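Taking it in order: structure first as structure tokens, then the write-up.
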Amino acid sequence: MKMRTFMASFMLLLLCHLCRAQINSSNNDSSDETDLAGTQRPSIEGSEDDQVLQTDIWVELLALRDLVVEQIVKVAFSASLLESGEGNIEYGSEFATLIFRNVFTNTGNHYNPNTGYFTAPVRGVYYFRFTGHIAHYEKNMRMRLVKNSDAMVFIGDRQTTTTDPEDNASNGVVLQLEVGDVVSVQLSGSVWDDQYHRTTFSGFLLFPL
């Protein structure tokens with residue numbers, strides 16, 4: 001809502017500036033079309049007063065554009081399972097939330113490394129990816145990405161022979177989230193992590209709605 005209000009105010013100011021420029025230059029026979037969306041200042045013709053006015057407007061519009069860019073919500077996180085050491089995380093046959101404690105990036109601080117939950121700060125479209133590593137014979141791994149209480153996508157693997165000691169599995173998804181929606185990764189079975197950070201959970205905002 002704040003973003004929409006800000007954008008509406010920006011467009012209103014833009015319209016007022018353009019109307020002002022048009023009125024002040026209406027008696028000028030020469031006109032110069034400008035591309036306000038560009039990054040280069042357009043050439044300005046006409047009287048000295050018109051040139052000063054249009055230059056001031058251009059400077060103000062660039063400043064307003066910078067304010068809009070600053071208001072864009074920045075959301076991104078990436079974390080691996082273990083902060084140090086190595087080992088299996090063992091769960092039973094029921095799914096339970098994995099807590100990825102080793103945070104690489106947490107722009108906006110919307111991922112909680114104490115709970116394993118990412119909470120959407122704005123309504124928008126987000127991308128998520130998770131990867132699991134299995135490292136021992138006769139271990140089973142099932143992981144799923146959950147939006148609130150709904151399972152969205154799964155990965156899984158199990159070792160079937162002693163000559164296949166390690167495997168990775170990964171999946172990703174694009175989700176539309178509302179403010180306050182919670183996304184997490186759940187595990188059933190066993191998953192491995194070590195200093196190479198093989199088991200990870202990442203996500204970022206593609207664009208707000």
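Please treat every number below as a calculation from the coordinates, not as lab data. Keep in mind it's a predicted model, so treat the numbers as computed, not measured. Glycine also receives a Cβ, built like all others from the backbone with ideal geometry; neighbour counts cover every protein chain displayed.
The stretch between residue 107 and residue 194 holds 28.9 nm of extra length on full extension. This uses 0.36 nm per residue minus the Cα-Cα distance.
Each Cα pair of the stretch 71-209 feeds into the Kirkwood radius, which the Stokes-Einstein equation turns, at 25 °C and 0.890 mPa s, into a diffusion coefficient of 162 µm²/s. The modelled label-to-label distance between residue 166 and residue 127, using points 7 Å beyond Cα along the C-beta direction, is 2.7 nm.
Within the shell of other residues whose beta carbon sits under 12 angstrom from the beta carbon of residue 86, the net charge comes to -2, with Lys and Arg scored +1 and Asp and Glu -1.
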